[in-house]
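Data block below; observations after.
Since every read-out is calculated from the coordinates, none of them should be taken as a lab result. Because the structure is predicted, anything quoted here is derived from the model rather than measured. Note: ideal-geometry Cβ built from the backbone for every residue, glycine included; neighbour counts use all protein chains shown.
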Amino acid sequence: MQTDYQYVLAQRDGGVLTLTMNRPEKLNAFNDVMLQELTEAAEEAAENEAIRCVVLTGAGRAFGAGQDLSAFAAREETQEPIKVSDHLEKYHRLIRALSGMPKPVIAALHGVATGISLNIAFSCDLRIAADNVRISEAFARIGLVPDGGGAYYLQRLIGFGKALELMLLAEEINGQEAERLGLVNKCVPLADFEATTYALAQRLAQGPTKAYGMIKELMYTSLSSDLQTSLKLEGELQDIAIASDDHRENVKAFLQKRAPRYTGK
Ligand code: LHQ
């Protein structure tokens, strides 16, 4: 597993891989290198069977402040035509890597979470917030539309009306409000933030990884499919799950009255 990135820290502890966006002096705003490195690290994590849970977080006092705006400002000054959609495709590769990862991904949000950094957190499976987090769909404030899959995920997470409000008003919400809305799964005091995230990650890393991967596939497919498609997929995946080592182990453990030991297979 590669660990010598310039702007991403990749740290393994057992089955947990923590990917930390690491440009703290710029509140972890994305430059091209950080985006490329994070994408490569996520794609590698997806392939690596020893990694059974991924945590995405930010170094210093922020999760992330979105796209590094200075790169775009510089391009404007040179009158170079800006085709931002080409650039966005690079983010889309990262989003596909995170949501398609056949294992759980937790986004751990603290300090600032805004712009495309926030929307990338929506393509993770679970979100833990520290109570100091300032969350905003800042796009309208700078005359842009939400990108990074935000329009797709946010309304599915919290409902259309509230998602549209957050996007039109571009106001900050705090961690408690984010938890109340269902935008994050849990908001915890900053002092407990790392430990809570880590405990959840370790718990998931010791779980039935193959089933988790298939739960993700079923749920994400069902987000945008009809009932018939979802029911068909459910049957196909359950055929695989029922033959998995972890399901067999669970049945054995139940009969032997002991805790199951999952291998993730
Ligand atoms: C930054 C940034 C930043 C560069 C803080 N860029 N330096 C658009 C186009 C293309 C493709 C992809 O997607 C997008 C969508 C986007 O994501 S656009 C970006 C959306 N984000 C924003 O609009 C947030 C801009 N930042 C802010 O408004 C403030 O920094 C917030 C409110 C987040 C935090 O304020 P403070 O706590 O007062 O921190 P600060 O402003 O002093 O920031 C610390 C440093 O980070 C500072 O650098 P400096 O060298 O002056 O110390 C900022 O310039 C830098 N920084 N965000 N997005």
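For the reader, a short list of remarks on this structure follows.
- For the chain, the relative contact order is 16 percent, taking Cα pairs closer than 8 Å that sit 6 or more residues apart in sequence and dividing their mean separation by the residue count.
- Spread of Cα-to-Cα distances over 10 Å intervals beginning at zero, given as percent, for the chain: 7, 28, 35, 21, 7, 1, 0, 0
- The Cα-based radius of gyration and maximum Cα-Cα distance (Dmax) for region 76-129 are 14.2, 44 Å.
- Using the Cα coordinates of region 57-169, the gyration tensor eigenvalues translate into equivalent-ellipsoid semi-axes of 23, 16, 16 Å, sorted from longest to shortest.
- The chain, helix-only ellipticity at 222 nm - DSSP H runs n ≥ 4, -39,500 (n - 2.57), divided by all residues, nearest 500: -15500 deg cm²/dmol
- Length released on extending from A74 to Q256, taking residue separation times 0.36 nm less the Cα-Cα span: 59.0 nm
- Residue-wise HN-Hα coupling along region 135-144, computed from phi with Karplus coefficients 6.51, -1.76, 1.60 (Hz; x: Gly, Pro): 9, 8, 8, 6, 3, 4, 4, 10, x, 10
- Distances between placed amide hydrogens fall under 5 Å for A107 paired with L56, D125, L126, R127, I128, all partners being 5 or more residues away or on another chain.
- The H on the amide N of V16, modeled in the peptide plane, is under 5 Å from the matching H of R52, each at least 5 residues off or on a different chain.
- Estimated FRET transfer efficiency when R0 is 25 angstrom, pair E177-I142 (beta carbons, to 0.05): 0.70
- Once the Cα-Cα distance is subtracted from the 0.36 nm per residue extended length, the K162 to I242 segment shows a gain of 24.9 nm.
- Each residue of region 128-133 was assigned a 3J(HN,Hα) from its phi angle through the Karplus curve 6.51 cos²θ - 1.76 cosθ + 1.60 (θ = phi - 60°); the sequence is 10, 10, 7, 6, 9, 6 Hz, with glycine and proline shown as x.
- DSSP beta bridge pairing in the chain, given as percent antiparallel to the nearest 5: 30
- Non-local Lys pairs in the chain, i.e. 8 or more apart or on different chains, that have alpha carbons under 13 Å apart: 4
- Across all Cα atoms of region 210-261, the radius of gyration (one decimal) and Dmax (whole number) stand at 13.5, 41 Å.
- L233 paired with K90, simple spin-label distance in nm, labels 7 Å along Cα-to-beta-carbon: 3.0
- For region 209-256, the dipole from Cβ point charges (+1 on Lys and Arg, -1 on Asp and Glu) about the Cα centre works out to 120 debye, to the nearest 20.
- The spacing between region 143-157 and region 202-265, judged by their C-alpha centroids, is 29 Å.
- Highest-first arrangement of 181-194, 243-256, 40-53, where packing means the average Cβ count within 10 Å: 40-53, 181-194, 243-256
- Computed over region 88-225: relative contact order in percent, which uses C-alpha pairs under 8 Å that are six or more apart: 29
- Maximal additional length on extending the E49-D13 stretch stands at 11.6 nm, based on 0.36 nm per residue less the C-alpha distance.
- Phi to ³J(HN,Hα) by Karplus 6.51 cos²θ - 1.76 cosθ + 1.60 over region 169-180, Hz, x for Gly, Pro: 7, 6, 8, 6, 10, 8, x, 5, 5, 4, 5, 4
- Most positive-pole-ward Cα, L27, T39, L98, against dipole of the chain from beta carbon charges: L98
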